[in-house]
1. Would you be able to say whether some residue in the range 120-127 is assigned by TED's automatic domain parsing to the domain that holds Met196, in contact (Cβ under 8 Å) with a residue 40 or more places away in the chain and part of a strand (DSSP E or B)?
2. Could you look through the range 26-48, keep only residues that are without any contact (Cβ under 8 Å) to a residue 24 or more places away in the chain and surrounded by 15 or more Cβ atoms within 10 Å (Cβ to Cβ), and pick out the one that is farthest from Thr11 (Cα to Cα)?
3. Starting from the range 294-306, take each residue that is assigned by TED's automatic domain parsing to the domain that holds Ala350 and list its partners that are surrounded by 11 or more Cβ atoms within 10 Å (Cβ to Cβ) and modelled with pLDDT under 95, counting only C-beta distances under 6 angstrom and pairs at least six apart or across chains.
4. Within the range 392-399, can one find any residue that is buried (at least 16 other Cβ atoms within 10 Å of the Cβ), closer than 19 Å to Trp617 by Cα and β-branched (Val, Ile, Thr)?
5. Residue check: is Leu156 of a type in the set (A, V, I, L, M, F, W, C), outside any loop (DSSP other than H, G, I, E, B), modelled with pLDDT of 95 or more and closer than 30 Å to Phe541 by Cβ?
6. Checking Thr414 against (1) surrounded by 23 or more Cβ atoms within 10 Å (Cβ to Cβ); (2) within 20 Å of Gln474 (Cα to Cα); (3) of a type in the set (Val, Ile, Thr), only one condition comes out false. Which one?
7. If a residue must be over 25 Å from Gly389 (Cα atoms) and either assigned to a helix (DSSP H, G or I) or in contact with a strand residue (DSSP E or B) (Cβ under 9 Å, 6 or more places away or on another chain) (or both), how many such residues does the range 254-273 contain?
8. What residue, among those in the range 367-391 that are in a strand (DSSP E or B) and either touching a Pro at 6+ places or on another chain (Cβ under 7 Å) or not hydrophobic (A, V, I, L, M, F, W, C) (or both), is surrounded by the most Cβ atoms within 10 Å (Cβ to Cβ)?
Amino acid sequence: MLAACYAQAGTLTMLENPRWRVALDPATLEIEVTPAKGPAVPVSSGVGRHRVSDLQSTAATASWEWNDGAYRIAAELDDGDLNLTIHASTAGELMLLRQPATAIGRGLILPLAEGHYVARDSKIWRDFLLQQMASLNTTQDLSLPLWGLDHGDFSLHWMMTNPFNNRLDFNADQDGSGLGLKLSHEFTSLSPDTPMTLTLHLGGADLLAGAKRYRTWLMTAGRFESLKEKIGKSPSAVKLIGASHAYLWGAGLIAAKDVSSWPAFLAILRGKEALAINLRKHFDADSRKVLAEAGANLGKYQETALIRAFNAALDAIAREAWQTEALDVQRLANRYGELRLEATQVFARALTADPANWGGGVSIATMEQLRQAGLSRLWIGLGEGWEGGLWHPEAIAAGVKAGYLIGPYDSYETALPLGFNPDWATAHLGGKAYRECAIVLKDGKLKSGFNQSGHYTNPVCMQPLMEARVAALQEKTGFNSWFLDAYAAGMLFDDYRQTAPMTMARNAEANAASTRWISENRQMPAGSEDGNAVTAQGIFFAHGMQTPVIGWGDKEMYKDKNSPYYLGNYYPPEEPSNMFKAAPLKALYRSIYFDPAARLPLYQAVFHDSVITTHHWGFDNLKLNNVGRENELAQLLYNVPPLFHLSAGALAARLPQMQRQDAFFRPMHERLAYQALTGFRWLSADRQLQETRFADGTWQVANFSGKQQVFNGQRFPAYSVTANTPDGKTTVFASVVKHHGL
């Protein structure tokens, strides 16, 4: 039909080679492709007619202009790739593709987080995309700059080789049963000569074909960094191989166990010492009431309330010293130790003698428990930031001695104004950063920061301050790893500040430079959030790819404390409920994020031997209690580490689960960390039996069903992962996770 339409208009342009034929309309960029052994597929129905001039074509190439030179378009057929290049003469947005619902074939291959397969007839997915993800920023919302179309014997994959300033919009077709999409690109005044480039790749009957093609493209372009190469520049990162990941909470100076005499503690706290007076000034009304009413025999509630108030007040006093107009990083690094010494002296008769042994979650005792549990490889992040390391450098040293990588959750993406939310310590970067490093939007306004607080920042502008603060903190704490919030999440901006403009591409480069500086200059292997492809350079690990943020903005999950789906909040500080409270996941999100039949290891097919990924910290292995099995099995099938939250109170109960994961994951990751993930397929009609393959010949099979399954004579137990290695050995992990909740 497309060819007939072209013939009537006299504008048919055909590109062809032995693998396939491409018919395109230069006036609308309508495209139909026909594989040598397959039916025709209309991949774009065109974007509205433009005036065409200077049309030139050969069997493999075509070029033309739109609207008297406003745009210059070139198409090239190179083996299995159709390469498109669009230049614009002025800034503005241009729609490039309008993919009809019929193009999807059997299903849509979509890199949301690790990757998903959207079956053509899935109403759940269609409604979800139209209602909750109707418009996608392709750097932030897609983990890879591509999407694919499954046609059974062959597949088609769009790859945005210029991944910046693009938007995907989903739309329902005319009868509402299908799913179409549109691709638009903004040509910006910051980079008027940068073309939009994209490739349509013809792949075989391989759902990972697009991801593999993108990996090859990265390698050819010199943009792929292997783990081996990165470890060569930051050797201690070898400790990430086989390591489970954990966040540790309870960073305050003391725990209840550190009080040797409660009567003395109360007497000093009520007394006239300058530190005691200052501490009381920072108590809230409830804490002052507990202090006033406490008698000789304190109950557990009173002890806990006083310890929390004491620690929070010390934090507040320390922050007052450095949360000033001009950020003094040395004052920041020194003040916590000064206060600890003062507390040691003032409270000497009330606290145990050696402050090195103080602390709850962040303590020498915790590190020793982990070591004695046989966990030889761990990455440990301090969930409350770097303050725990300043209070407890001995605990950090004990963890490092045990062989662990330990770092803080740090942030430079948002700068807060002085006096606003002082508890968000990492985002207090001084007045200069708040004013002069803020992103300036096209309309001249400053870009609001996370949760509409403060301003998002320009990483080029932030680099000197980041380097100074990281170096000062490392010196005082002994951290040997680092986590930079948001820098690898693909959240990129065009900065229109006249004195220092920045494109999204430059933003991505600067983010990578920041993490690379920490890893190489400071020799602390660095990671970040998500690990999206456009910001994956420069990081060793990423949190949020295996399980991303789910249901953001859903009131029942994030606001309504009476809802069974409520995830919790950042209280209590030593064990915040949003990290530790188990909760069921809504049925919709269970289907979208945890249905095994709708998951694909797309990201791993590109980056398995480059970036180590795991869950977002809001959704660790134990958070969602009605998808625990699916979560655990997919994580092991893809050979990515587990993530756990730990506290002094929860550690003993969580250690057995950590040990079970470690026993299977650590040796497999030690074998496979440097290997590409090369294959994935469903082994059963219900897609509950799945296989991954790796470059060394290892293959793993996950059985997500509740019954034993057989494939090629091999039996796979219910709810299990079976690893088969080239030496003929077989190892089985059987999930014992029980489902709870709704």
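1. no
2. Filtering the range 26-48 for residues that are without any contact (Cβ under 8 Å) to a residue 24 or more places away in the chain and surrounded by 15 or more Cβ atoms within 10 Å (Cβ to Cβ), the one farthest from Thr11 (Cα to Cα) comes out as Thr34.
3. Gln302/Ala294
4. No, the conditions are met nowhere in the range 392-399.
5. no
6. (2)
7. At the first step, the residues of the range 254-273 found to be over 25 Å from Gly389 (Cα atoms) are 261-264, 266-268, 270-273.
Restricting the remaining residues to those that are either assigned to a helix (DSSP H, G or I) or in contact with a strand residue (DSSP E or B) (Cβ under 9 Å, 6 or more places away or on another chain) (or both) gives 261-264, 266-268.
Summing the residues that are over 25 Å from Gly389 (Cα atoms) and either assigned to a helix (DSSP H, G or I) or in contact with a strand residue (DSSP E or B) (Cβ under 9 Å, 6 or more places away or on another chain) (or both) in the range 254-273 gives 7.
8. Quick first cut of the range 367-391, residues in a strand (DSSP E or B) only: 378-382.
From the residues that got through so far, the ones that are either touching a Pro at 6+ places or on another chain (Cβ under 7 Å) or not hydrophobic (A, V, I, L, M, F, W, C) (or both) too are 381-382.
Working: Gly381: 25, Leu382: 27.
So, considering only residues that are in a strand (DSSP E or B) and either touching a Pro at 6+ places or on another chain (Cβ under 7 Å) or not hydrophobic (A, V, I, L, M, F, W, C) (or both), the one surrounded by the most Cβ atoms within 10 Å (Cβ to Cβ) is Leu382.
The values are calculated or read from the model by the stated rules, or taken from the named source; none is laboratory data. Everything numeric in this text was worked out from a predicted model, so none of it was measured. FYI the Cβ positions are ideal-geometry reconstructions off the backbone, even for glycines, and counts take in every protein chain you see.
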